[in-house]
Each structure stands twice: as structure tokens, then as C-alpha cells.
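Structure, as C-alpha cells:
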């Protein structure tokens with residue numbers, strides 16, 4: 001790649017970064033970008049103007065920028081307005097890396113040039129290069145000594161259990177202690193086993209508990225997904241939901257508005273775009289999290305195998321492996337639980353015992369390695385219509401990085417898609 005091509009690539013990346021910041025002002029302070037990263041003085045001036053505006057809680061746009069800087073310093077009003085055309089929220093992180101890598105390369109070349117001109121000793125060169133490398137990585141460093149000092153009183157003070165986001169199922173909460181921040185949970189099953197209904201139950205429970213459920217429905221339309229949520233919330237038959245006017249009883253119609261009101265209180269956000277990449281999911285989640293600063297998020301994705309890979313040349317196993325790693329990094333970045341549904345291979349159907357195993361994870365890639373929790377769904381009555389275990393859903397925790405494994409049971413009403421706790425004492429009478 002020629003020097004001219006590199007410079008053009010960096011210039012376009014800078015324009016896209018600035019255009020995206022004009023649309024999403026929170027990125028000005030949250031991205032970790034500094035004015036010195038920009039290659040041109042005009043772009044540095046624009047960024048500094050943005051920082052000045054957000055520091056005083058003012059919006060940063062092409063009009064307000066002209067109030068803090070002279071037009072000539074910003075390339076003119078038309079230049080500012082044109083930056084909006086380069087906005088790309090999804091590729092922001094990719095362009096940010098281009099910018100920081102180019103800045104680091106320039107700084108490295110300057111160090112080597114100065115070292116040669118002034119005949120530096122080798123240790124001095126190494127120290128300067130190490131300082132440069134650490135300049136962008138310092139935020140991840142933690143002092144173990146400081147942590148140990150803060151733990152001095154730990155054996156003498158009763159600890160407060162840090163409960164995660166409720167699953168809405170009593171026995172599952174006991175096993176997982178709720179969905180934990182920064183953890184990736186994979187919920188896997190064969191088709192029609194109840195994955196989406198289980199996810200919806202988790203989303204509703206989290207929303208009613210005051211959290212922000214962000215649901216990416218890659219397979220199902222928003223309208224269908226909302227109908228499922230209504231059916232679960234109001235205990236409506238999904239068959240009757242197809243034509244409520246004709247099939248609902250007067251009593252069911254009477255509780256329609258209260259059901260919608262109750263569902264609205266869950267504050268669920270749905271994105272039903274098909275073929276999203278993890279980068280696109282991350283960008284949308286970041287936007288919603290920023291718009292709802294008083295609610296802790298939990299992200300749900302339906303489902304893993306239809307997330308689009310970034311590199312079309314990879315095979316499916318490589319794609320799924322990369323996606324699972326990216327999902328784990330997203331959970332860590334947002335410090336929130338990520339719950340992703342997954343399909344299982346047909347190998348389940350060829351066994352006498354059809355309870356899923358780790359090896360059944362479809363195109364597993366690194367799913368087993370990346371996930372903190374892997375849960376399999378199983379229903380006896382799915383395979384045996386005469387089974388005594390009617391309307392019972394088994395949730396088998398096959399992997400739990402930070403806790404116990406085992407199976408818990410929930411009542412599952414297929415007609416409405418609703419999950420319920422089981423009162424075993426009452427059931428045995």
C-alpha cells in the first residue's frame with residue numbers, strides 16, 4: 001500500500017469518526033480518542049470544538065461548532081455539513097483502530113528518527129517504545145497490592161451476596177444467582193423446544209425487575225415477537241391471537257388493555273433486522289444503553305447461527321467461533337449479561353436419550369470455551385406425546401464457569417408460551 005493510499009484511508013477514517021460523533025455525541029468523551037490522534041489540523045480543531053461543547057453540556061453539531069471556532073479553522077460550514085455523510089456507527093471501532101494505529105506508527109517513526117539523529121543507547125530506545133505502547137493500554141492495568149489492601153477486613157465482615165438479574169424462575173436463580181454482569185450465556189435446544197419462549201420469559205422478568213432488556217430478534221419479525229410477548233404476559237392462546245376479535249371471550253378482551261399496560265412496563269427494546277453482525281448488534285446496544293443511563297442492560301439474541309460473520313471467506317465453524325468470542329467481549333465491554341440462543345445438531349435425534357450434550361452444539365467452534373454458562377432445554381412431551389411429564393421444561397446447566405451445574409424444572413404452557421415456577425409440594429399432593 002502506497003503512502004498516498006494510507007493517508008487517504010486515514011483521512012476517510014477521520015471523517016467517518018467525526019461524522020459519527022456529530023450524530024452520537026456520547027462518543028466524543030466515551031471513545032478514548034485524543035485530538036493528537038487526528039492527522040490534519042482541521043480535524044483536530046473540529047474534535048477540540050466538540051470536546052469544548054460537550055464539556056459544557058451543549059450539543060455538538062455543525063451549527064454549534066461554528067459558535068466556538070472560526071469557520072476557516074473547521075474547513076468551512078459546508079465541510080462540516082458534509083461530514084454527516086461519512087457517519088458509520090457500525091464501523092466506528094474499526095475506523096478508530098485505523099486512527100490509533102496510524103498515530104502510533106507515526107510516533108514510533110519519530111522516536112526512531114530522533115534516536116538515530118541523537119545516537120541514543122539501545123535501552124533508551126526500548127524505554128521510549130515501551131512508553132508509547134503503554135500509553136494506550138494503561139486503562140486495563142490494576143494494582144494487585146491496592147486490591148489486597150481493600151480486602152483486609154473481608155473475613156470479619158459479612159459479605160453481601162451480589163445477585164444478578166433474575167431469570168424469573170426460582171430454582172434457576174438459586175443455581176445461577178441470576179444472570180451475571182460480563183457473562184455470556186448460551187441457551188441451546190432443538191427447534192420448537194421452547195427457546196424463544198424461554199428467552200422472552202427471561203426478558204420480561206428482567207424488565208419488570210427494573211432492568212433494560214435489549215432483544216435482537218434476527219429470525220422473527222417485531223410484530224410476531226410482540227404478539228408472543230403479549231400472549232405470554234396475558235396467558236392468551238397464540239392460536240386465538242391470530243384473530244382476537246373472533247376468538248377472544250369477553251373476559252379475554254376485557255383484560256387486553258391491562259395486559260398491554262403490563263407488557264409496556266417491561267421496557268423491552270426490540271431490533272428485528274435480519275443478518276446483523278456482532279459489530280452492528282454492539283453499535284445498536286451501545287446507543288440504547290446510552291439513551292437509558294438509569295437502567296442496567298441485559299442483551300438477548302435470537303439466535304447465534306444466523307448472526308452474519310464479518311469475513312465471508314471463513315467456514316461456518318470459524319464464523320461461529322469468532323461470533324461467540326465477539327459476544328463474550330461485548331458482555332465484558334458493556335459489563336452486562338448477554339444471553340444468546342443456539343441451535344443444536346441433528347445428532348440429538350439419533351440417540352435413545354435425546355437430552356442434549358456439549359457435542360450437539362451446532363458449528364460449535366469456540367462456544368464451549370467462550371460461554372460462561374451453557375444451558376440445554378429438553379421436554380419429554382416433545383418426543384413422547386403420552387409422557388407423564390406433560391408441560392414440563394427441563395433446563396440443564398451443562399457448563400457454569402462460576403458455579404454449580406445440574407438440571408432445574410419449570411412449567412411450560414406451550415399454548416401461551418409462558419414459563420412458571422413449579423410448587424413441588426403442591427404438585428405431589
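Any residue at all in region 32-49 that's closer than 26 Å to residue 276 by Cβ and outside the structural domain of residue 278 (by TED's automatic domain parsing)? Checked region 32-49: at least one residue is closer than 26 Å to residue 276 by Cβ and outside the structural domain of residue 278 (by TED's automatic domain parsing). Criterion applied to 262, 308 was being surrounded by 14 or more Cβ atoms within 10 Å (Cβ to Cβ) and in a loop (DSSP other than H, G, I, E, B), and the one residue passing it is 308.
Scanning region 285-303 for residues that are at pLDDT below 90 and assigned to a helix (DSSP H, G or I), we see that the one that is surrounded by the fewest Cβ atoms within 10 Å (Cβ to Cβ) is 291.
Restricting the first member to region 304-320 and to residues that are in contact (Cβ under 8 Å) with a residue 24 or more places away in the chain, and the second to residues that are loosely packed, with under 13 Cβ neighbours inside 10 Å and not in a helix (DSSP H, G or I), the beta-carbon pairs closer than 9 Å and six or more apart or on different chains are 306/274; 306/275; 307/275; 308/274; 308/275; 318/311; 319/311; 319/312.
Tell me whether region 238-247 contains one or more residues that are in the same structural domain as residue 340 (by TED's automatic domain parsing), part of a loop (DSSP other than H, G, I, E, B) and without any contact (Cβ under 8 Å) to a residue 24 or more places away in the chain. So far as region 238-247 goes, yes, one or more of its residues are in the same structural domain as residue 340 (by TED's automatic domain parsing), part of a loop (DSSP other than H, G, I, E, B) and without any contact (Cβ under 8 Å) to a residue 24 or more places away in the chain.
Going by what's in this entry, would residue 12 be described as surrounded by 14 or more Cβ atoms within 10 Å (Cβ to Cβ) and either in contact with a strand residue (DSSP E or B) (Cβ under 8 Å, 6 or more places away or on another chain) or in the same structural domain as residue 129 (by TED's automatic domain parsing) (or both)? So residue 12 does not fit the description; no.
For region 322-329, state whether one or more residues are in the same structural domain as residue 196 (by TED's automatic domain parsing) and more than 30 Å from residue 209 (Cβ to Cβ). Yes; the residues of region 322-329 include at least one that is in the same structural domain as residue 196 (by TED's automatic domain parsing) and more than 30 Å from residue 209 (Cβ to Cβ). The criterion of at least 3 residues that are within 12 Å of residue 21 (Cα to Cα) is met by the following helices (runs of 4 or more DSSP H) wholly inside region 31-98: 41-55. Scan region 217-230 for residues that are surrounded by fewer than 22 Cβ atoms within 10 Å (Cβ to Cβ) and outside any helix (DSSP H, G or I) and report the count. Residues meeting the conditions: 4. Against the test of being closer than 21 Å to residue 33 by Cα, in the same structural domain as residue 37 (by TED's automatic domain parsing), modelled with pLDDT under 85 and touching a helix residue (DSSP H, G or I) at 6+ places or on another chain (Cβ under 8 Å), the options 68, 90 yield a single qualifying residue, 90.
Listed by first and then second residue, the pairs linking a residue in region 101-130 that is outside the structural domain of residue 38 (by TED's automatic domain parsing) to a residue that is modelled with pLDDT under 85, with Cβ atoms under 6 Å apart and 6 or more places separating them unless they lie on different chains, form an empty list.
The values are calculated or read from the model by the stated rules, or taken from the named source; none is laboratory data. Quick caveat, the model's predicted, so the values are computed rather than measured. Cβ atoms come from the backbone with ideal geometry, glycine included; neighbour counts cover every protein chain shown.
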